[in-house]
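As structure tokens, the structure follows; a few thoughts come after it.
Values quoted throughout were computed directly from the atomic coordinates according to the rules given, and no laboratory measurement underlies them. Note that the coordinates shown come from a computational prediction; the quantities given were computed from them, not determined experimentally. In this analysis, Cβ positions are derived from the backbone assuming ideal geometry, glycine residues included, and neighbour counts consider all displayed protein chains.
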Protein chains: 2
Amino acid sequence: MPESSRLQRELHQRKPFRSLAHEATVGLARTADLSRRRFEAMLDPHGITASQYNVLRILRGAGQAGLPTLDVADRLVERAPGITRLLDRLEAKGLVRRERCGEDRRKVLCWATPRALRLLEALDAPVDATEAEVMAPLPDADRRELIRLLDRIRAGLGA
Amino acid sequence: MPESSRLQRELHQRKPFRSLAHEATVGLARTADLSRRRFEAMLDPHGITASQYNVLRILRGAGQAGLPTLDVADRLVERAPGITRLLDRLEAKGLVRRERCGEDRRKVLCWATPRALRLLEALDAPVDATEAEVMAPLPDADRRELIRLLDRIRAGLGA
DNA sequence: CATCAATAGTTGACTTGTCAAGTAATATCG
DNA sequence: CGATATTACTTGACAAGTCAACTATTGATG
């Protein structure tokens, strides 16, 4: 019989978890949620959301060539409608430039503006710090182990 | 130098991850996201969302006594406004009953209706199956290890 | 070449999550 | 006991994510 787990206490639960799979999936969801909140709290004073930050990172990675709207969505694992509106807001803030593509007029190419690149540069250190903060309790060996376990789960889910 | 990781390939990235902390936080977010989608796909035909399901589970756990609105929020780690409206929709679907509390008229007690309890019962097996599916790639020892690693991260984040 | 399917994106409607500000009821303190 | 603070929500406004349905191109086929 396992002892009362910490997650059980977090959830005010009396009964033990029904299975390891249950405890692991709940723990996964709650841990990711807490981590997400840390990142959002860090980004908040800079006036962008985590989703917007991720889009800008992707566009920085794409460089001069730019990236079509749906390619941004692919890299975020997000559906198309969300991306369109995310880009709408970033364009309104002057952080993204969009232009219909000449060769294939169905596509809309997107770029991070110079202002976005400056913002991203200013955010590199705080982002690194937040990642380090979230993973602070785990020594390197445990971080590798976590990465491995998560990789295997995603492989099973067909990622 | 580490080999090109599977997450790197998922993200179409050329460069290796900047740090173990970076790869682990990104892996955490993406894995939790994939898991969430599995659960939502499973719940969809039953006409409720994952958030609604979690609320109903909590109310089932509370039993006859019912639970005040904000206590539901606590157990979900959600902010108050979201809960109010989640309960609004569940009440509209006939899955939740709410009543202002007699002893402390600031509180609104919530209960799962008999219909909600029947729905939850029908969902127990599919939910178990989805948890098992998500964790299928991990043997028990790895599940325990994952639970332990996630616990330590949450402990560090002050959960 | 005309038609028809596939691709790239946008729009509308709805659920969720967040913050800020407001209301109603209870608790606290001089 | 009466002003004030605290608690428990509720409402409004907006960002985001989801699906279904629509437009505009482009590609593929007879």
Number of the condition not met by residue A:84 [criteria: (1) closer than 26 Å to residue B:157 by Cβ; (2) without any contact (Cβ under 8 Å) to a residue 40 or more places away in the chain]:
(1)
Which residues, taken from the stretch B:70-89, are surrounded by 15 or more Cβ atoms within 10 Å (Cβ to Cβ) and within 8 Å of DNA strand C (Cβ to nearest atom)?
B:76, B:78, B:83, B:86, B:89
Which residue pairs have Cβ atoms closer than 9 Å, lie 6 or more positions apart in sequence or on different chains, and pair a first residue in the stretch B:112-130 that is in contact (Cβ under 8 Å) with a residue 40 or more places away in the chain with a second residue that is surrounded by 14 or more Cβ atoms within 10 Å (Cβ to Cβ) and polar (S, T, N, Q)?
B:130/A:25; B:130/B:35
